[in-house]
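Below is one structure, written out as structure tokens, with a few remarks after it.
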Amino acid sequence: MPLSDDDFGFEEEKAGQNLAVLAEALYLINLLLLPGLAFLLLVGLWFKFKDSAPPLARQHLKQTTFVSLVGGLLIVTLSGLILGLGGLAWEWTWVALILYFTCIHSTLVLFGMYALIKAMNGQMWRFPLIGPAIPPLPRSTGKNREN
């Protein structure tokens with residue numbers, strides 16, 4: 001049987017699980033290995049599957065794309081603010097800048113790892129504070145959302 005566009009070579013336990021794992025993996029690759037390139041792939045996946053993906057994959061794709069944008073904006077904006085207020089010559093500017101960047105970046109990586117674990121388990125999860133809301137389950141299913 002030929003592979004479809006959304007078949008990544010692994011059997012899914014839940015609909016959209018492979019795409020959710022791929023989205024979270026690309027998020028981490030963007031933070032740790034190939035910034036920019038992985039983000040472009042992630043955005044491409046979002047545009048390709050945002051309307052057709054199962055709810056699990058759609059949530060993880062939406063989350064990783066949104067958090068990548070917000071996280072990047074936070075790091076660039078606040079780092080620029082620290083540099084602008086402290087100046088390049090003051091050593092405490094660099095201490096604050098490195099400390100801030102390290103804390104924010106590490107937090108995004110840590111939450112990304114947790115989100116990858118949730119995706120691998122076929123579960124939805126939301127980044128605290130900056131993650132988009134998880135859509136409510138339809139009332140007709142009678143199922144509880146997994147955490």
For region 42-55, which positions are surrounded by fewer than 21 Cβ atoms within 10 Å (Cβ to Cβ) and touching a Gly at 6+ places or on another chain (Cβ under 6 Å)? Pro54
Within region 123-131, can one find any residue that is over 19 Å from Leu42 (Cα atoms), hydrophobic (A, V, I, L, M, F, W, C) and at pLDDT below 90? yes
Just wondering, is there one or more residues in region 103-113 that are farther than 18 Å from Asn30 by Cβ and either modelled with pLDDT under 95 or in contact with a His (Cβ under 6 Å, 6 or more places away or on another chain) (or both)? yes
Which of (1) aliphatic (A, V, I, L, M); (2) within 25 Å of Pro136 (Cα to Cα); (3) touching a Gly at 6+ places or on another chain (Cβ under 9 Å); (4) surrounded by fewer than 18 Cβ atoms within 10 Å (Cβ to Cβ) is the odd one out, the single condition Ala96 does not satisfy? (2)
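Residues checked against (1) among the hydrophobic types (A, V, I, L, M, F, W, C); (2) at pLDDT 95 or above; (3) surrounded by fewer than 17 Cβ atoms within 10 Å (Cβ to Cβ); (4) more than 16 Å from the chain's Cα centre (by Cα):
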site	(1), (2), (3), (4)
Leu26	yes, yes, no, no
Ile29	yes, yes, no, no
Leu37	yes, yes, yes, no
Gly72	no, no, yes, no
Gly86	no, no, yes, yes
Glu91	no, no, yes, yes
Check whether at least one residue in region 89-96 is among the aliphatic types (A, V, I, L, M) and touching a residue at least 60 places away in the same chain (Cβ under 8 Å), and report yes or no. no
Give all pairs with beta carbons closer than 9 Å in which a residue from region 45-65 that is under 20 Å from Pro136 (Cβ atoms) meets a residue that is hydroxyl-bearing (Ser, Thr, Tyr); count only pairs at least 6 apart in sequence or on separate chains. Lys50/Thr65; Arg58/Ser52; His60/Tyr27; Gln63/Tyr27
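The values are calculated or read from the model by the stated rules, or taken from the named source; none is laboratory data. Keep in mind the model is a prediction, meaning the values are calculated, not measured. Every residue, glycine as well, gets a Cβ built from its backbone with ideal geometry; the counts of neighbours run over all protein chains shown.
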